[in-house]
1. With the structure loaded, tell me whether Ala12 is assigned to a helix (DSSP H, G or I), within 16 Å of Arg57 (Cα to Cα), touching an Asp or Glu at 6+ places or on another chain (Cβ under 6 Å) and not β-branched (Val, Ile, Thr) or whether it fails that test.
2. Looking at (1) more than 12 Å from Arg62 (Cα to Cα); (2) in a helix (DSSP H, G or I); (3) of a type in the set (A, V, I, L, M, F, W, C), which is the only condition Ile35 fails?
3. Restricting to the range 20-47, count the residues that are over 19 Å from Glu74 (Cβ atoms), at pLDDT below 95 and surrounded by 18 or more Cβ atoms within 10 Å (Cβ to Cβ).
4. Only one of Glu44, Glu53, Glu31 is under 20 Å from Ala68 (Cβ atoms), among the acidic types (Asp, Glu) and over 12 Å from the mean Cα position of the chain (by Cα); which?
Amino acid sequence: MARLSQFTVSFARVVRKHRAQGGLSKEALAEAAGIHHTYVGLLERGERKPTIEVAERVARARGKKLSALIAEAERSPLNWISLAEKPGFSFSS
């Protein structure tokens, strides 16, 4: 069973939100951040935890500071119902 921390899920949502708000495809964000496009999808689903360097490149690719994305993820409420409905997922702190 996959275990996702609350922060991992929140950070994934923040990355997805900022990519969508910028009108970027996963491929465009990946190219701007210097990472593979499939990795963007994995990040956005919370299936990968980026290194600090990769997280910073993703933030810079959106014209943001990493600290701003982290702060947003820390403040972001989780939609517990929709996540709880996904089979095989549980939360750990």
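The values are calculated or read from the model by the stated rules, or taken from the named source; none is laboratory data. The structure presented is a predicted model; accordingly, all values stated were derived computationally and were not measured. So basically every Cβ, Gly included, is an ideal-geometry build from the backbone, and we count neighbours across all protein chains shown.
1. yes
2. (2)
3. 0
4. Just a single option satisfies the conditions, and that option is Glu53.
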